[in-house]
1. Condition test on residue 51, is it out of contact with any helix residue (DSSP H, G or I) (no Cβ under 6 Å at 6 or more places or on another chain), surrounded by 14 or more Cβ atoms within 10 Å (Cβ to Cβ) and at pLDDT 85 or above?
2. So residue 59 fits all but one of (1) exposed (fewer than 15 other Cβ atoms within 10 Å of the Cβ); (2) assigned to a helix (DSSP H, G or I); (3) modelled with pLDDT of 90 or more; what number is the exception?
3. Kindly indicate the residue of region 70-104 that is in contact with a Gly (Cβ under 8 Å, 6 or more places away or on another chain) and modelled with pLDDT under 90 and also nearest to residue 33 (Cα to Cα) among those meeting that condition.
4. Take region 68-93 and flag every residue that is in a loop (DSSP other than H, G, I, E, B) and touching a residue at least 12 places away in the same chain (Cβ under 8 Å).
5. Based on what the data block shows, is residue 38 under 24 Å from residue 84 (Cα atoms), out of contact with any His (no Cβ under 7 Å at 6 or more places or on another chain) and surrounded by fewer than 16 Cβ atoms within 10 Å (Cβ to Cβ)?
6. Tell me the residue from 18, 27 that is over 18 Å from residue 101 (Cα atoms), assigned to a loop (DSSP other than H, G, I, E, B), among the hydrophobic types (A, V, I, L, M, F, W, C) and without any contact (Cβ under 8 Å) to a residue 60 or more places away in the chain, please.
7. Residue check: is residue 78 within 12 Å of the chain's Cα centre (by Cα) and surrounded by fewer than 16 Cβ atoms within 10 Å (Cβ to Cβ)?
8. Considering (1) β-branched (Val, Ile, Thr); (2) crowded, with 17+ Cβ neighbours inside 10 Å; (3) part of a loop (DSSP other than H, G, I, E, B), say which one residue 65 fails and leave the rest.
Amino acid sequence: MENVDAGGAPTNDDAHYVIDLIAGHTVATAPNFAPNVTVANVGLVPDCAMRVDRMYEGGPLSLYVPPVSCTCEFENAVDSSSCETCVTTTCSHGTCRNGYCEEF
């Protein structure tokens, strides 16, 4: 039994759901906790707050833009954020997500 399909995605639905939560991807059913804050609270950086990548462990850094940003939420979880806050979908710039106007 293969654990991943040809595209590298997990074949087990439960595993796929957990991996998406950890990676900060949008999931069909919202959990009753903030996965990105949980990741930040244990000293890690969620994928959605990353701005650099490596092709291999210890390799040179390259610029990275995640599909969906959670930088403001992450900054607030680890210290404080200078991002504009929002309560509706209206932001002077960016997209309102998790109470912050994220850049994209």
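1. no
2. Of (1) exposed (fewer than 15 other Cβ atoms within 10 Å of the Cβ); (2) assigned to a helix (DSSP H, G or I); (3) modelled with pLDDT of 90 or more, only one is false for residue 59: (2).
3. Among those that are in contact with a Gly (Cβ under 8 Å, 6 or more places away or on another chain) and modelled with pLDDT under 90, it is 87.
4. 68, 69, 70, 81, 83, 84, 86, 87
5. Considered against the rule, which asks whether it is under 24 Å from residue 84 (Cα atoms), out of contact with any His (no Cβ under 7 Å at 6 or more places or on another chain) and surrounded by fewer than 16 Cβ atoms within 10 Å (Cβ to Cβ), residue 38 comes out as yes.
6. Exactly one of 18, 27 is over 18 Å from residue 101 (Cα atoms), assigned to a loop (DSSP other than H, G, I, E, B), among the hydrophobic types (A, V, I, L, M, F, W, C) and without any contact (Cβ under 8 Å) to a residue 60 or more places away in the chain, namely 27.
7. When the stated conditions are applied, residue 78 does not pass them.
8. (2)
The values are calculated or read from the model by the stated rules, or taken from the named source; none is laboratory data. Quantities reported herein were computed from a predicted structural model and do not represent experimental measurements. Because the Cβ atoms are built from the backbone with ideal geometry, glycine has one as well, and the counts that use them run over all protein chains shown.
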